[in-house]
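Take a look at the structure below.
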Amino acid sequence: FYRKAPRKLEALARQARDEAYAPYSNFRLGAALEARNGEIFLGCNVENLSFGLTLCAERAAVVSAIAAGVRSFRRIVVVADSDEPVTPCGACRQVLAEFAADLEVISVNLQGRIYRAKLSELLPRSRAGILNQPEARTRAKTAPKAALPRSKKKGKHM
Ligand code: THU
């Protein structure tokens with residue numbers, strides 16, 4: 001755990017935040033999801049005139065990673081312009097937990113104020129009992145591998 005957010009991840013999350021589409025709330029967020037292989041996947045919130053269709057930054061980052069064939073994650077940095085750093089919403093916690101129950105969540109505001117937690121603290125027992133899943137297993141370990149070509153190059157994906 002860190003007193004400051006990891007520099008590179010925070011910088012990339014800020015870049016993603018700059019791309020956020022939030023004309024209704026004007027509340028823009030960026031997320032940088034670091035995979036265990038070092039690759040970084042970015043997400044921003046994407047709102048919709050039909051408000052309930054809004055996609056959060058964190059889930060956007062997860063979707064980007066999954067589409068690239070990456071399912072194993074170390075940490076996520078979330079950046080927003082708020083006094084209190086924004087921790088992922090309940091829906092995003094559950095989606096993140098699908099792949100990384102022990103994910104490190106690092107939330108920062110634009111002033112650098114930071115809040116850090118383990119996803120398992122933010123969302124305990126995310127999988128217990130569902131379809132008879134044991135609590136400790138994570139989907140990333142048990143999911144059948146997709147027959148996708150895996151990119152070998154490191155770098156950021158948008
Ligand atoms: N939002 C996120 O992108 N992530 C969060 O963790 C909290 C909420 C977005 C959704 C919506 O576009 C705006 O923030 C206000 O709720």
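The values are calculated or read from the model by the stated rules, or taken from the named source; none is laboratory data. The model shown is predicted, which means the values in this text are computed figures rather than measured ones. In this analysis, Cβ positions are derived from the backbone assuming ideal geometry, glycine residues included, and neighbour counts consider all displayed protein chains. Areas reflect the complete protein model, heavy atoms only, side chains present, ligands, DNA and RNA absent. Shrake-Rupley method; radii C 1.70, N 1.55, O 1.52, S 1.80 Å.
Some points to look at:
- Residue in region 2-14 that is within 12 Å of the ligand (Cβ to nearest atom) and under 15 Å from the mean Cα position of the chain (by Cα) present: yes
- Which listed residue, of 40, 76, is closer than 20 Å to residue 122 by Cα and more than 8 Å from the ligand (Cβ to nearest atom): 76
- Pair list, Cβ under 8 Å, 6 or more apart: region 84-104 residue within 12 Å of residue 117 (Cβ to Cβ), other residue part of a loop (DSSP other than H, G, I, E, B) and of a type in the set (Phe, Trp, Tyr): 104/1
- Qualifying positions in region 55-73 - within 12 Å of the ligand (Cβ to nearest atom), in contact (Cβ under 8 Å) with a residue 24 or more places away in the chain and open to solvent by 10 Å² or more (accessible area, probe 1.4 Å): 56, 59, 60
- Being at pLDDT 95 or above, aromatic (Phe, Trp, Tyr) and surrounded by fewer than 20 Cβ atoms within 10 Å (Cβ to Cβ) is true of residue 27.
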